[in-house]
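Colleague: To start, I am sharing the structure in question, which I have written as structure tokens.
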Amino acid sequence: MRRRNDGAGSSPQGEFEDVCFHALGIIDQNREYLQMHLLASADLPTRQALSDIQIESARVSRTVHNAMLLYRLENGESCELQPFDVSELLEKAERMAPDIEKSLEIQLMTEREGVGHCVVMGAPDEAEQLLLHLISNALCACDPGGRVWVSLKQKKTGVVLRVEDDGCGLMEEDPIENNRRFLSGAKLGLRICRLICRRAGWKLTLTARPGGGTRAQVVFPLASCEDIPPEMELHLSLIHISEPTRHSL
């Protein structure tokens with residue numbers, strides 16, 4: 001959890017964020033103290049209470065973080081687009097998979113459909129936020145034993161990122177209604193996704209997944225040759241050269 005204790009909120013929104021995370025930090029510190037001194041000998045209700053405090057504190061922290069991010073997206077300037085390797089999103093999902101399966105008993109699987117290292121235009125940090133929100137939304141839709149798929153597929157005009165799940169599915173059968181409800185404000189995380197994509201010029205859609213569940217899809221336009229700096233081209237070339245050696249070990 002991010003904690004801001006420097007008291008340097010330069011705006012009412014920043015001050016609000018400082019106060020919230022400072023209070024949550026104190027709650028967590030006291031919870032950790034109680035767990036250290038009581039958990040071994042505590043009865044079941046006490047252990048449950050400590051667990052509830054931990055879960056709800058994390059939930060409030062995520063909500064405040066998302067609310068402040070949403071405020072900045074809605075009121076900030078347009079983002080500065082730059083080239084970045086979209087395949088790094090898939091690598092991040094791959095690193096998350098073991099912890100997700102261990103803690104939630106949900107399988108997170110990744111697939112590269114003909115995509116190695118591919119450069120698109122956008123804001124890398126916002127692309128990561130987008131991925132995390134889409135995965136989080138998919139996980140919330142699944143019960144233990146469920147599955148989530150993250151895939152990349154390259155097309156002529158761009159790269160397609162899909163986050164799919166076999167969970168509870170969409171609440172409405174009309175795809176237009178689903179996009180209106182889920183991408184226009186009914187869900188805080190997906191509102192953030194919608195704004196991130198709008199700022200960067202990415203296309204986000206939400207549809208029912210064949211066989212059950214939900215499919216979120218983002219289309220990233222490919223970066224032109226003029227947009228890719230020489231040092232990035234060199235970096236990607238070195239990766240391509242070294243990959244066969246690494247795979248052969």
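The values are calculated or read from the model by the stated rules, or taken from the named source; none is laboratory data. The shown structure was predicted, so the numbers you read here are calculated from the model rather than taken from an experiment. Here the Cβ positions follow ideal geometry from the backbone for every residue, glycine too, while neighbour counts run over all protein chains shown. Side chains are part of the model used for accessible areas, which takes the heavy atoms of the whole protein and leaves out ligands, DNA and RNA. Shrake-Rupley method; radii C 1.70, N 1.55, O 1.52, S 1.80 Å.
Colleague: Ignoring ligands, DNA and RNA, please state the percent of accessible area on the stretch 13-171 from carbon and sulfur, probe 1.4 Å. Can you show the working numbers first?
Modeller: Values: 4620 of 8890 Å².
Carbon plus sulfur share of accessible area: 52 percent.
Colleague: Another question, if that's okay. Just to verify a number: what accessible area does H22 come out at with the full protein assembly present, 1.4 Å probe, Å² rounded to tens?
Modeller: Roll a 1.4 Å probe over it and H22 shows about 90 Å².
Colleague: Put D18, D166 in order of accessible area, largest first, 1.4 Å probe: what do you get?
Modeller: Greatest to least solvent exposure: D166, D18.
Colleague: Here is a further query. List, in order, the whole-Hz ³J(HN,Hα) value for each residue of the stretch 21-28 obtained from phi through the Karplus relation with A = 6.51, B = -1.76, C = 1.60 and θ = phi - 60°; use x for Gly and Pro.
Modeller: 6, 5, 5, 5, x, 5, 4, 5
Colleague: To the nearest 20 debye, what is the magnitude of the charge dipole of the stretch 23-110 about its Cα centre, counting +1 on the Cβ of each Lys and Arg and -1 on the Cβ of each Asp and Glu? Present the calculation step by step, with values, prior to reporting the outcome.
Modeller: Values: 8 positive and 15 negative charges, 69 e Å.
Computed about the Cα centre, the dipole is about 340 debye.
Colleague: Okay, next question. What accessible area, in Å² to the nearest ten, does a 1.4 Å probe give for F16?
Modeller: Roughly 110 Å² of F16 is accessible to a 1.4 Å probe.
Colleague: For G158, enumerate residues with amide H under 5 Å from its amide H, sequence gap 5+ or separate chain, H modeled in the peptide plane.
Modeller: Those qualifying (amide H under 5 Å, at least 5 residues apart or on another chain) are L222.
Colleague: To the nearest 10 square angstrom, how much accessible area does T157 have with a 1.4 angstrom probe?
Modeller: Rounded to the nearest 10, that gives 110 Å².
Colleague: What are the residues whose amide H is under 5 Å from the amide H of T110, where those residues sit 5 or more places off or on another chain and H is modelled from the backbone?
Modeller: So T110 has HN proximity to V150.
Colleague: Tell me the per residue accessible area of the stretch 46-142 using a 1.4 Å probe; a whole number in Å² is fine.
Modeller: That works out to 53 Å² for each residue.
Colleague: Something else: Which sequence of E80, E101 reflects their accessible areas, 1.4 Å probe, from the largest down? Kindly include the intermediate steps, with their values, before the conclusion.
Modeller: Numbers: E80 155, E101 95 Å².
My answer, sorted largest first, is E80, E101.
Colleague: A further question follows. Where the only charges are on Cβ atoms (+1 Lys, Arg; -1 Asp, Glu), what is the dipole of the stretch 45-171 about its Cα centre, to the nearest 20 debye?
Modeller: 120
Colleague: Taking a label point 7 Å from the Cα of N30 along the Cα→Cβ vector, which residues of the stretch 54-76 have an amide N closer than 14 Å to it?
Modeller: 54, 57
Colleague: Check which residues have an amide H placed less than 5 Å from K203's amide H, if you skip close sequence neighbours.
Modeller: The list, which skips near neighbours in sequence, is V219.
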